[in-house]
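Quick notes on the structure that follows.
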Amino acid sequence: MCDESWIDAVFRGFAVVTVHGAGYLLSPDFPPKDRLMPHSKKQIRNIAIVAHVDHGKTTLVDTMFQFAGTFRKNQQVQERAMDSDAQERERGITILAKNTAIDYHGWRINIVDTPGHADFGGQVERTLRMADAVLLLVDAAEGPMPQTRFVLRKAFENGLRALVMINKIDRPDARVSAVLDEVFELFIELGAHDDQLDFPVVYGSGRDGYAVLDMKDERTDLKPLFDMLQKHVPAPVQDDAGALQFQAATLDHDDFLGRIAIGRVKRGTIKNGQRVALCHPDRSKATLIPVKGLFRYEGLNRVACEEVKCGDIAVVAGIEEFRIGDTLCPPEQQDPLPPIHMDEPTISMEFFVSNSPFAGQEGQFVTSRQILGRLEKAALRDVALVLVPPDSSEAGEGYELKGRGVMHLGVLIENMRREGFEFSVGKPRVILKKVDGKLCEPYERTSIDVPTVSAGKIIEYFGRRRGEMTHMEPFENSSRIEFLVPSRGLIGARTALMTLSQGMAILSHVFECWRPDGGPLPMRQNGVLIADRTGDSIPYGMFGLLDRGTFFIAPGTPVYEGMIIGENNKDNDLGVNVCREKKLTNIRSAGKDDNVKLPPPHVMSLEEALEYLEDDELLEVTPKTLRLRKRMLSEMERKKQTRKDNKAARV
Ligand code: GDP
């Protein structure tokens with residue numbers, strides 16, 4: 001039995017399997033009494049926590065762990081227990097949905113983490129399949145945001161009930177009752193039925209570890225939250241003896257275990273070593289296969305076990321053919337569950353082997369085989385990434401990867417940099433699709449919070465980018481403005497909005513629908529400054545070009561012909577010599593050069609650089625450097641190409 005063997009293993013001090021590297025030991029004052037209860041006897045509750053980014057989900061899960069005693073009292077709890085990926089910590093967002101389980105007074109509460117960023121929306125949808133209810137977490141000051149609306153709509157579509165926690169009530173600017181009203185209005189707007197409208201609610205602070213039923217109650221601990229979960233999350237249907245149905249809701253990849261399928265046992269019991277049929281939703285021929293590894297969640301870890309019963313969440317390892325939505329059934333009773341709808345990718349990007357004159361100087365993995373291998377691995381781990389088979393891709397020499405947004409692909413690029421890869425990428429492009437015979441493009445519901453003084457500029461900006469304003473609402477000294485904007489219009493918007501609002505705008509967006517192609521959008525307004533030779537940039541040379549535009553590089557940066565080193569003040573591209581040295585006269589003016597005062601360069605982040613690119617440009621990515629460049633490095637070649645393009649346009 002999985003329960004006893006697990007307890008045994010921990011008693012003897014054996015390490016438990018840790019796949020995401022979070023590496024926590026289990027349990028407080030181990031073993032607490034209720035922990036010794038066999039899992040099979042525990043009451044299971046499956047809940048998905050959904051929230052807009054930054055509304056405090058990760059922090060709340062941490063304090064829930066502490067309250068339930070999953071960490072030892074004297075154990076230093078690493079903050080943000082659920083976000084174990086390095087980038088997740090830095091960016092403060094959850095990228096890969098992870099599951100955890102909390103043992104609480106004889107109850108087993110499986111918590112499904114959902115990514116809080118629009119680019120990762122596809123995962124929200126799939127993880128909801130594992131839950132029986134959602135805990136909707138709403139910031140007491142900010143109120144519901146587009147992502148809140150998105151996940152809630154998905155939860156209602158899946159027939160789930162939402163429990164509400166108004167979080168961060170400790171904030172001085174908390175507007176608790178107004179936010180509760182806004183949540184209620186949102187429920188009505190999304191067509192919640194009576195039962196869903198009658199939602200239970202607690203108010204609390206995840207950070208400070210308390211929840212209350214009434215704002216006047218004393219703020220002590222999280223018990224009211226746990227009570228609400230026990231009372232209002234429906235118990236899963238218990239049908240341990242029925243024929244097995246286990247559907248993969250998420251896939252992961254582990255170097256030792258291979259493909260990992262995570263999902264819920266819908267019916268029956270899954271056993272390690274058991275022979276099963278891997279069935280596709282379309283009921284095509286099933287594959288017979290043994291279950292080679294079976295795990296369940298304990299705290300933040302995956303623990304090997306012998307069986308997982310109906311209603312619980314299981315992790316099945318080693319079935320390479322597993323796809324999202326496939327069901328494991330007994331060979332003699334093949335009864336697959338309906339397919340899981342997947343959000344389609346909206347953005348595509350090309351990855352190339354770097355052919356810059358500086359190629360291979362900083363990276364460890366630079367060949368096309370290495371890059372392709374890494375992209376294949378990424379697509380295996382994250383089903384929302386689609387790698388177009390090289391022979392059917394339009395990327396020519398490169399590889400085309402499709403994802404859910406610039407940030408989604410940006411996260412992969414940043415990971416690859418950190419692992420030592422060097423490569424180039426092209427401009428992110430929006431994917432078009434035929435709907436009813438018409439070419440359509442993705443549109444996103446977009447919400448911007450901005451100081452009211454900047455609202456006019458933002459409305460004008462989105463107006464130019466075919467945004468349709470759907471809502472505007474004052475909000476203390478700021479305004480919330482909502483638009484329906486083509487995804488194309490959002491590329492580069494984050495940077496532009498920051499400039500227009502002196503860094504104050506908060507932008508969030510989420511896919512809404514496909515609409516007929518809206519025609520051309522304004523391109524980048526300015527041309528670029530391009531280095532016309534290889535060398536090191538010299539302060540003197542740069543100083544002479546100051547009136548031409550803004551530099552992206554500091555003095556002393558190695559440059560090559562065709563590398564973009566700044567933005568032109570005018571709309572055309574301009575080749576410049578930043579390596580020009582001062583002619584030495586007889587009387588050496590030593591040290592003079594050092595006195596040249598240059599404004600600080602505009603150094604772009606990875607996402608900014610991706611959003612800045614035009615079609616004829618690439619971003620060169622190395623573990624140490626990001627360089628913008630022209631696809632064609634030689635000015636002669638570029639001129640020839642422009643002439644050719646102009647000719648073709650006239651024909
Ligand atoms: P997530 O993106 O939803 O996972 O949000 P996080 O848990 O990362 O929290 C986002 C930010 O809000 C962090 O800076 C937290 O310290 C802060 N935060 C979380 N919970 C609370 C709370 O209850 N009160 C206040 N004032 N801040 C909180």
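Which ones in the stretch 279-297 are at pLDDT 90 or above and among the hydrophobic types (A, V, I, L, M, F, W, C)?
Cys279, Leu288, Ile289, Val291, Leu294, Phe295
How do the pairs read when you match residues in the stretch 447-476 that are in contact (Cβ under 8 Å) with a residue 12 or more places away in the chain and under 16 Å from Leu521 (Cβ atoms) with residues anywhere that are among the basic types (Lys, Arg) and open to solvent by 40 Å² or more (accessible area, probe 1.4 Å), using Cβ under 9 Å and keeping only pairs 6 or more apart or on different chains?
Arg465/Arg488; Arg466/Arg488
Among the residues of the stretch 214-228 satisfying the criterion of being in contact (Cβ under 8 Å) with a residue 12 or more places away in the chain and open to solvent by 40 Å² or more (accessible area, probe 1.4 Å), which is farthest from the ligand (Cβ to nearest atom)?
The initial filter retains those residues of the stretch 214-228 that are in contact (Cβ under 8 Å) with a residue 12 or more places away in the chain, namely 215, 219, 221-226, 228.
Subsequent filtering for residues that are open to solvent by 40 Å² or more (accessible area, probe 1.4 Å) retains 215, 219, 221, 223.
Details: Met215: 15, Arg219: 11, Asp221: 14, Lys223: 16 Å.
Step by step, filter the stretch 214-228, then rank; the result is Lys223.
Would you confirm, using the coordinates I've provided, whether Lys231 is touching a helix residue (DSSP H, G or I) at 6+ places or on another chain (Cβ under 9 Å), of a type in the set (Lys, Arg) and either farther than 30 Å from Ala286 by Cβ or open to solvent by 60 Å² or more (accessible area, probe 1.4 Å) (or both)? Spell out the reasoning first.
On the way: touching a helix residue (DSSP H, G or I) at 6+ places or on another chain (Cβ under 9 Å): no; of a type in the set (Lys, Arg): yes; either farther than 30 Å from Ala286 by Cβ or open to solvent by 60 Å² or more (accessible area, probe 1.4 Å) (or both): yes.
The answer is no for Lys231.
Identify all residues within the stretch 533-545 that are open to solvent by less than 50 Å² (accessible area, probe 1.4 Å) and touching a residue at least 40 places away in the same chain (Cβ under 8 Å); write none if there are none.
Across the stretch 533-545, the qualifying residues are Gly535, Ser537, Ile538, Pro539, Gly541, Met542.
What residue, of Leu490, Leu507, Leu484, is surrounded by fewer than 21 Cβ atoms within 10 Å (Cβ to Cβ), within 24 Å of the chain's Cα centre (by Cα), under 19 Å from Pro345 (Cα atoms) and not basic (Lys, Arg)? If you could, list the steps in order and put the result at the bottom.
Details: Leu490 fails: surrounded by fewer than 21 Cβ atoms within 10 Å (Cβ to Cβ); Leu507 fails: under 19 Å from Pro345 (Cα atoms).
Of the residues listed, the single one that is surrounded by fewer than 21 Cβ atoms within 10 Å (Cβ to Cβ), within 24 Å of the chain's Cα centre (by Cα), under 19 Å from Pro345 (Cα atoms) and not basic (Lys, Arg) is Leu484.
Out of curiosity, is Gly489 in contact with a Gly (Cβ under 8 Å, 6 or more places away or on another chain), modelled with pLDDT of 85 or more and in a helix (DSSP H, G or I)?
Working: in contact with a Gly (Cβ under 8 Å, 6 or more places away or on another chain): yes; modelled with pLDDT of 85 or more: yes; in a helix (DSSP H, G or I): yes.
So Gly489 passes the test.
Restricting to the stretch 42-91, name every residue that is modelled with pLDDT under 65, part of a helix (DSSP H, G or I) and near the ligand (Cβ under 10 Å from one of its atoms).
Initial filter on the stretch 42-91 (modelled with pLDDT under 65): 42, 70-91.
Filter once more, keeping what is part of a helix (DSSP H, G or I): 86-91.
Result: Glu88, Arg89, Arg91.
Kindly indicate whether any position in the stretch 527-538 is touching a Gly at 6+ places or on another chain (Cβ under 7 Å) and either at pLDDT below 90 or of a type in the set (Phe, Trp, Tyr) (or both).
Checking the stretch 527-538: not a single residue is touching a Gly at 6+ places or on another chain (Cβ under 7 Å) and either at pLDDT below 90 or of a type in the set (Phe, Trp, Tyr) (or both).
Consider the stretch 197-206. How many of its residues are more than 7 Å from the ligand (Cβ to nearest atom) and either polar (S, T, N, Q) or open to solvent by 10 Å² or more (accessible area, probe 1.4 Å) (or both)?
Adding up the residues that qualify gives 6.
Quick one: count up the residues across the stretch 266-299 that are under 17 Å from Asn46 (Cβ atoms) and assigned to a loop (DSSP other than H, G, I, E, B). Full working, then the answer.
Let us first name the residues in the stretch 266-299 that are under 17 Å from Asn46 (Cβ atoms), namely 266-270, 295-299.
Checking which are assigned to a loop (DSSP other than H, G, I, E, B) leaves us with 268.
Summing the residues that are under 17 Å from Asn46 (Cβ atoms) and assigned to a loop (DSSP other than H, G, I, E, B) in the stretch 266-299 gives 1.
Check Gly325, Gly299 and return the single one that is at positive phi, out of contact with any Pro (no Cβ under 9 Å at 6 or more places or on another chain) and not hydroxyl-bearing (Ser, Thr, Tyr).
Details: Gly325 fails: out of contact with any Pro (no Cβ under 9 Å at 6 or more places or on another chain).
The conditions single out Gly299.
Could you please tell me which pairs satisfy a Cβ distance under 8 Å, a separation of 6+ or placement on different chains, a first residue in the stretch 51-66 that is more than 12 Å from Gly209 (Cα to Cα), and a second residue that is in a helix (DSSP H, G or I) and within 8 Å of the ligand (Cβ to nearest atom)?
Ala51/Lys57
For the subset of the stretch 622-637 comprising residues that are among the aliphatic types (A, V, I, L, M) and part of a strand (DSSP E or B), which member is farthest from Asn577 (Cα to Cα)?
Per the criteria, the residue is Leu626.
Pick from Gly191, Gly209, Gly258, Gly268: which is of a type outside the set (Asp, Glu), out of contact with any His (no Cβ under 8 Å at 6 or more places or on another chain), open to solvent by 50 Å² or more (accessible area, probe 1.4 Å) and on the phi > 0 side of the Ramachandran plot?
Values: Gly209 fails: open to solvent by 50 Å² or more (accessible area, probe 1.4 Å); Gly258 fails: open to solvent by 50 Å² or more (accessible area, probe 1.4 Å); Gly268 fails: open to solvent by 50 Å² or more (accessible area, probe 1.4 Å).
It is Gly191.
Within the stretch 173-188, does at least one residue satisfy the condition of being away from the ligand (no atom under 16 Å from the Cβ), without any contact (Cβ under 8 Å) to a residue 40 or more places away in the chain, assigned to a loop (DSSP other than H, G, I, E, B) and open to solvent by 20 Å² or more (accessible area, probe 1.4 Å)?
So far as the stretch 173-188 goes, no, none of its residues is away from the ligand (no atom under 16 Å from the Cβ), without any contact (Cβ under 8 Å) to a residue 40 or more places away in the chain, assigned to a loop (DSSP other than H, G, I, E, B) and open to solvent by 20 Å² or more (accessible area, probe 1.4 Å).
Restricting to strands (runs of 3 or more DSSP E) lying wholly in the stretch 391-469: which have 1 or more residues that are under 22 Å from Val366 (Cα atoms)? Walk me through how you get there before you give the answer.
Working: elements: 399-403, 423-426, 433-435, 438-451.
Fully inside the stretch 391-469 and qualifying: 399-403, 423-426.
The values are calculated or read from the model by the stated rules, or taken from the named source; none is laboratory data. What you are looking at is a predicted structure, and each value in this text was computed from that prediction instead of being measured. Every residue, glycine among them, receives a Cβ derived from its backbone with ideal geometry; neighbour counts consider all protein chains shown. SASA here: full protein model, heavy atoms, side chains in, ligands and nucleic acids out. Shrake-Rupley method; radii C 1.70, N 1.55, O 1.52, S 1.80 Å.
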